[in-house]
Amino acid sequence: MNINWYPGHMKKTKELLREQLKLVDMVYELLDARIPLSSRNPDLSQIIGNKPKIIILNKIDLADPQVTSMWMEYFEVRQTGAVPVNTITGSGIRQVIRESEEIIKVKMDDLAKKGRKPRPARIMVVGIPNVGKSSFINKLAGRKSTQTGARPGVTKGKQWIRLRKNMELLDTPGVLWPKIENPAVALNLAFTGAIKDEIMDIETLAYKLLEMLWVDHREKVIERYKVEGEYGTIIDLMDCIAKSRGCILKGNEIDYFRISNIILDEFRSATIGRISLERPLNNG
Ligand SMILES: Nc1nc2c(ncn2[C@@H]2O[C@H](COP(=O)(O)OP(=O)(O)O)[C@@H](O)[C@H]2O)c(=O)[nH]1
Ligand SMILES: [Mg+2]
């Protein structure tokens, strides 16, 4: 599982993030609700130091609601508030704003005590590619947002989005690369589409996905693809699904490429069902 971009980008990205983070008072860390640990960059806490942070569990519409509740508890126990969000519908956004206001108030009271003038709190969104940073920023900013442009005392060229009177968002989201030395993590990221088919070819990936689904979510596979409960091999199962979907080439060959794409797409869009790939208990 060689990923070419990983080692080269890692250091540069970290440095850039460190620079950007100097400008902000608070961080929104976006995680994929289906894989909160795999989508988390373990270096982040070291990079952001003691800045306040709100964890956003995004794409809850794709995750198993029961498992998401377990994750909420997991983060609560660890004293980091997490807010479940769907950035497509905007569900959870109001809670994010409410919790941010509380953190901002503490920060601004602190500044006031030091005799400093009040100013809007500056916030940055961080997360791995495809976790929903841009969608989140759009939903948070809404239509009323304005580009405030570069401000005095702040690095030139940085764009700030005014969210409300006391909040500004750095409009370049901080991109984190996931840690993917662990093959299970790499698979979770590939299954959910966080890393685009870079770790293996699409057919192997779909095979691995189907294998996992057959073990952990068999009833959903049976329901979706109207297959039997028993198969000799995963390939037999895949062939059966391919035939029922008309993925057949000339000469009666199975079109593995097409059926692989179908299975991956239907998993990623939760058409097969709302499935969480990580649970707090299994992952510690
Ligand atoms: N189902 C679902 N899809 C989402 C959600 N948030 C983002 N997406 C989708 O995930 C993909 C990546 O989103 P984007 O905002 O570009 O992610 P970024 O790379 O972190 O900026 C897009 O296709 C979004 O429509 C969500 O809450 N639910
Ligand atoms: Mg983006």
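Specify, per residue and in Å³, the volume enclosed by the convex hull of the alpha carbon atoms belonging to the stretch 5-175.
122 Å³
Could you tell me which of P65, P84, M108 has its Cα farthest along the dipole of the stretch 5-175 towards the positive end, charges placed at Cβ (Lys, Arg +1; Asp, Glu -1), taken about the Cα centre?
Checking the options against the dipole of the stretch 5-175, the answer is M108.
Only loop residues by DSSP count here, and only those with at most 16 other Cβ atoms within 10 Å; note down the trypsin sites (Lys or Arg not before Pro) in the stretch 48-142 that meet that.
Of the trypsin sites (Lys or Arg not before Pro), the ones in loops of the stretch 48-142 whose Cβ has at most 16 other Cβ atoms within 10 Å are R78, K114, R116.
Please compute the contact order of the chain in relative form: average sequence separation of alpha-carbon pairs under 8 Å and at least six residues apart, divided by the residue count, as a percent.
22 percent
Which of the pairs K11/K208; K53/K105; K133/K208; K14/K51; K107/K179; K133/K179 have their Cα atoms more than 20 Å apart in this structure?
K11/K208; K133/K208; K107/K179
Tell me, how many Å apart are the Cα centres for the stretch 41-104 and for the stretch 237-284?
30 Å
Of S244, Q46, V24, which is farthest along the charge dipole of the chain in the positive direction, counting Lys and Arg as +1 and Asp and Glu as -1 at C-beta?
The Cα lying farthest towards the positive end belongs to V24.
Tell me the Kirkwood hydrodynamic radius of the stretch 1-106 in angstroms, computed as one over the mean inverse distance between distinct C-alpha pairs.
After inverting the mean inverse Cα-Cα distance, the result is 15.1 Å.
What's the longest bit of the chain with no exposed GluC sites (Glu not before Pro), using DSSP loop states and at most 12 other Cβ atoms within 10 Å as the test?
1-180
Output needed: percent of Cα pairs per 5 Å distance bin for the stretch 200-283, bins running from 0 to the one holding the longest distance.
Percent of pairs per bin, in order: 3, 14, 26, 26, 17, 8, 3, 1, 1, 0.
Mean projection of the alpha-carbon convex hull of the stretch 153-262 over all orientations, in nm²?
Its Cα hull, projected and averaged over all orientations, spans 12.2 nm².
Taken together, the values in this text are just the output of simple stated rules run on the coordinates, not laboratory data. A quick note: this is a predicted structure, and the numbers were derived from the prediction, not measured. Glycine also receives a Cβ, built like all others from the backbone with ideal geometry; neighbour counts cover every protein chain displayed.
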